[in-house]
1. Please give the average number of partner chain Cβ atoms lying within 10 Å of the Cβ of each residue in B:31-42, rounded to a whole number.
2. Regarding the stretch A:61-105, what's the average projected area of the Cα-atom convex hull, expressed in nm²?
3. Could you tell me the total accessible area buried at the B-A interface, probe 1.4 Å, in square angstrom to the nearest hundred?
4. Between rounded, prolate and oblate, where does the stretch B:28-102 land on the alpha carbon gyration tensor, with a ≥ b ≥ c its root eigenvalues, rounded for a/c under 1.5, else prolate if a/b exceeds b/c?
5. Tell me the net charge near B:GLY143. Cut-off is 14 Å between Cβ atoms, B:GLY143 excluded, with +1 for each Lys or Arg and -1 for each Asp or Glu.
6. Please give the FRET efficiency for A:GLU139 paired with B:ARG85, using the beta carbon to beta carbon distance and R0 = 22 Å, rounded to the nearest 0.05.
7. Inter-copy label distances at A:SER16, 7 Å along the Cα→beta-carbon direction, one decimal in nm, shortest first?
8. At 7 angstrom along the Cα-to-beta-carbon line, where would the label on B:GLN53 sit relative to the other copies? Give the distances in nm, shortest first.
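The values are calculated or read from the model by the stated rules, or taken from the named source; none is laboratory data. Small disclaimer: the values here were computed from a predicted structure and weren't measured. No Cβ is skipped: glycine too gets one built from the backbone with ideal geometry, and neighbour counts run over all protein chains shown. Surface areas here come from the heavy atoms of the whole protein model, side chains and all, with no ligands, DNA or RNA. Shrake-Rupley method; radii C 1.70, N 1.55, O 1.52, S 1.80 Å.
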Protein chains: 2
Amino acid sequence: VQIEEVGRQASIELLSRLRLGRLACARDNQPYVTPFYYCYNDGYILSFSTVGQKIEWMRSNPRVCVQVDEIKGPQQWTCVIVFGRYEELPHSPEWHQMREMVHSLLEQYGNWWEPGFAQTIIGGAARPLVPVFFRIFIEQVTGHKASPGNDAAAAKISAPKSGGWWQRLRKGS
Amino acid sequence: VQIEEVGRQASIELLSRLRLGRLACARDNQPYVTPFYYCYNDGYILSFSTVGQKIEWMRSNPRVCVQVDEIKGPQQWTCVIVFGRYEELPHSPEWHQMREMVHSLLEQYGNWWEPGFAQTIIGGAARPLVPVFFRIFIEQVTGHKASPGNDAAAAKISAPKSGGWWQRLRKGS
């Protein structure tokens with residue numbers, strides 16, 4: 001397997017092309033990761049949720065991480081990781097266009113945003129249904145890509161079949 | 001769409017059946033999430049990596065979150081989220097059996113664990129190659145499952161087509 005770094009532009013291209021990612025937030029140093037649908041626009045990742053654990057955590061700590069990937073197999077994948085900052089889109093007229101953009105995304109993906117909504121009914125919880133538009137400002141983006149590869153370096157780093165550090169490690173000697 | 005909670009046992013069953021998940025850790029309240037291969041065994045998630053950002057962060061803060069899912073579409077998915085604690089498996093004989101188990105996983109997935117290794121060569125970085133076996137003690141596991149559904153509750157919570165809070169929200173009024 002051959003691993004290459006993916007530059008910023010190619011990483012952004014992957015982010016633009018995909019819609020499903022994983023969003024991690026943290027509170028008191030406890031991380032929390034969920035799948036989410038998003039769309040990329042001009043340096044930002046746009047999405048929508050209803051108020052709940054994820055939104056509450058991101059309000060209290062805006063530092064987030066978004067991870068997207070295309071995994072065809074253990075030796076063939078591309079993975080992009082974003083460090084970013086959560087920003088809520090206020091319910092005011094000047095954010096109309098941004099909300100329209102997120103709304104188009106919603107329509108494209110049907111009812112995907114309903115989990116938060118549905119839970120309020122099924123769980124019988126008292127929390128009100130408060131829809132939230134948010135975006136993530138991309139502070140840092142890094143990407144890596146694996147391909148089967150067949151060069152000398154790749155051969156050199158294949159798993160040792162016997163002997164060497166690998167066997168010693170397994171045997172605990 | 002109809003959302004149900006998935007009980008602990010069904011959540012563990014999904015964890016057992018899948019091999020690819022996302023692992024989130026955090027340092028100084030900055031979350032970091034990466035895809036990883038794992039196997040489930042008796043209350044623990046087992047995996048392997050080489051020393052790098054992820055391992056360093058989990059050593060400094062063992063609180064982690066693991067997320068796995070089967071996503072067939074926006075209305076049909078199962079998602080399981082684990083809050084857990086990172087534990088490194090020492091390189092000593094009493095951990096032999098555990099290492100064997102992780103090693104079987106490695107073999108099953110070929111060279112998936114090489115990224116960390118390959119990066120040390122391609123990036124030309126000076127950091128030594130230090131393989132690390134670890135497990136995550138499952139402190140809390142929750143699961144949710146969405147299915148298209150067609151009951152009254154599901155109909156009631158479908159997206160409003162016009163009017164109501166949704167339109168008002170979009171228009172910012």
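1. Working: counts 18, 8, 14, 8, 8, 0, 2, 0, 0, 0, 0, 0.
That average works out to 5.
2. That works out to 4.8 nm², a quarter of the Cα hull's surface.
3. 6000
4. Values: a/c = 2.42, a/b = 1.41, b/c = 1.71.
Cα axes put the stretch B:28-102 in the oblate bin.
5. Numbers: positive: B:ARG8, B:ARG17, B:LYS145; negative: B:GLU4, B:GLU5, B:GLU13, B:ASP69, B:GLU70.
Its environment carries a net charge of -2.
6. Working: r = 28 Å, r/R0 = 1.29.
For R0 = 22 Å, the calculated efficiency reads 0.20.
7. 4.6
8. 2.5
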